[in-house]
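Data block below; observations after.
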Amino acid sequence: MVQVSIWSACQDLGREFTASVTGWVNMWGNSAGALGPLFTAFLVGFGHSFTSAVTIVGLSGIAGIVLWLFVNPQNH
């Protein structure tokens, strides 16, 4: 369900730069997908449990929700 809103936002906010915005979103998503397991393994090794890793993932999601509230496609 998230994929549809991401690509719609790229088109709506990117306007004439839709391809560039889509490329950047794709690059950062793939970077997070590659580094996420390494970061999780580091946190589990450091804290000896998944609590810190799950907490950071949850806080990242909440931060994304809050930041999304500030997106205004009407600003040019």
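Read the figures in this text as sums done on the coordinates, not as results from a lab. Every value quoted in this text rests on a predicted model; they were computed, and no experiment measured them. All Cβ positions, even for glycine, are placed from backbone atoms using ideal geometry, and neighbour counts span all protein chains on display.
Just want the ordering: Val71, Val57, from fewest to most Cβ atoms lying within 10 Å of their own Cβ.
Placing the least packed residue first, the sequence is Val71, Val57.
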In whole Hz, with x marking every Gly and Pro, tabulate ³J(HN,Hα) for the stretch 22-28 from phi via Karplus 6.51 cos²θ - 1.76 cosθ + 1.60, θ = phi - 60°. 4, x, 5, 4, 5, 4, 5
In the chain, chymotrypsin sites (Phe, Trp or Tyr not before Pro) in a DSSP loop with at most 13 other beta-carbon atoms within 10 Å: Phe50, Phe70
For the chain, modelled as a GNM with alpha-carbon contacts under 10 angstrom, which of Leu13, Leu43, Leu35 fluctuates the most? Leu35
